[in-house]
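Everything on this sheet refers to the single structure shown next.
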Amino acid sequence: MTPKQAEILAAQMLTPFSDEPRSEAKFIAAHLAECEPNKLLFSGKDIQKEDIESIVLQRRQGIPLQYILGSWWFYKSEFLVGPGVLVPRQDTEILVETALELIENIKQPKVADLCSGSGCIAISIAYDRQDATVTAVEKYSEAYGYLLKNIQHNGTNNVEPKQADVLCQSFGEYDLIVCNPPYIPSGDKDDLSAEVLSEPHTALFGGEDGLYFYREISKNWKQSLKNNGILAFEVGINEAESVAKILKENGFINIGFKNDLIGIQRVVFGTAKGI
């Protein structure tokens, strides 16, 4: 069948148990057609029904589609993913877009991406700003392995990987520090799907109230920002005001917010001037 026919069939098969059957079906068809999702109509590859059924069967078992496919498209690039690393999500593209806006007028900016995971944030920033130097910091070995693979996979030579615990040490001097930390309150674990819980818990849970990493990073990494440097976080639903308060308590000024596509405050940032 054609890739478009495969997409339609996959969506029908996914509908009973997927929240986003059409979106997932598009990625499945693109994966089997060996093309980018937005170029699906231009692929002439023949797709077998059995291949679609195999992927859908694994999805029925609660395995994240990203892990099944082994890669996922985020922003403008493809990222290799699998067990042990957080899957890239569209919400996080807002942090990338915000970061690029914040360094728009800075020549050869120095950027750090904390809790980097797959490297999707660091690599996306570096992809659009070839003159930037982006340090990607990740603690856990499995995720760090994917970070290294994705730097090579995307050819982003201006990304410098560093394996370190962002809670234990800070370093460098940056124009911008970005971070998508673990931010789910530990008490919310029972409310999460089996699919989400199959991702590394160290990348999901941010303490009892979900704000532990925001407190520690705001306190410990402000010394690694240049004067007028900016710290920008992705935040969970209803966390924006709490994170803004944490930034203010640590001396940050000019607090700003960015909403995601459905109007939820998804990014909070502040300036380190005067610290």
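FYI, it's all coordinate maths here, none of it is from the lab. Model, not experiment: these values are computed from the prediction. Note that we place each Cβ from the backbone using ideal geometry, even for glycine, and neighbour counts take in every protein chain shown.
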In sequence order, calculated HN-Hα J values of the range 198-208 (Karplus, 6.51, -1.76, 1.60; Hz; x Gly/Pro): 7, 7, x, 5, 5, 9, 9, 9, x, x, 4
Largest fluctuation, 211, 167, 95 only, Gaussian network model of the chain with Cα springs under 10 angstrom, belongs to 167
Given charges of +1 on the Cβ of Lys and Arg and -1 on the Cβ of Asp and Glu, with all other atoms neutral, how large is the dipole of the range 1-99 about its Cα centre, in debye to the nearest 20? 120
Most mobile of 189, 107, 248 in a GNM of the chain (Cα contacts under 10 Å): 107
Among 206, 145, 127, which residue has its Cα furthest toward the positive end of the charge dipole of the chain, with +1 on Lys/Arg Cβ and -1 on Asp/Glu Cβ? 127
Calculated FRET efficiency for the pair residue 209/residue 128, C-beta based, R₀ 35 Å, to 0.05: 0.55
Once the other residues with Cβ under 13 Å from the Cβ of residue 66 are scored (Lys, Arg +1; Asp, Glu -1), what is the net sum? -3
Taking K and R as +1 and D and E as -1, what net charge do the other residues with C-beta under 14 Å from the C-beta of residue 273 add up to? +2
Which value, in debye to the nearest 20, gives the size of the charge dipole of the range 151-254 about its Cα centre, when Lys and Arg are +1 and Asp and Glu are -1 at the Cβ? 520
If you build a Gaussian network model of the chain, linking Cα atoms that sit under 10 Å apart, which residue out of 179, 120, 168 swings the most? 168
Per DSSP helix of 4 or more residues, -39500 (n - 2.57); summed, then divided by the residues of the chain. What does that give at 222 nm, rounded to the nearest 500? -10500 deg cm²/dmol
For the chain, what is the percent of antiparallel DSSP beta bridges, rounded to the nearest 5? 40
Provide the gained length on full extension for the span residue 219 to residue 245, in nm with one decimal, where the gain is 0.36 nm per separating residue minus the Cα-Cα distance. 8.1 nm
Assign unit charges at the C-beta atoms only (+1 for Lys and Arg, -1 for Asp and Glu), then state the dipole size of the chain relative to its Cα centre in Debye, rounded to the nearest 20. 600
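Using a Förster distance of 25 Å, how high is the FRET efficiency between residue 60 and residue 191, based on the Cβ-Cβ distance and rounded to 0.05?
So the FRET efficiency works out to roughly 0.75.
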Restricted to the range 21-149, the DSSP antiparallel beta bridge percent, nearest 5, is 45
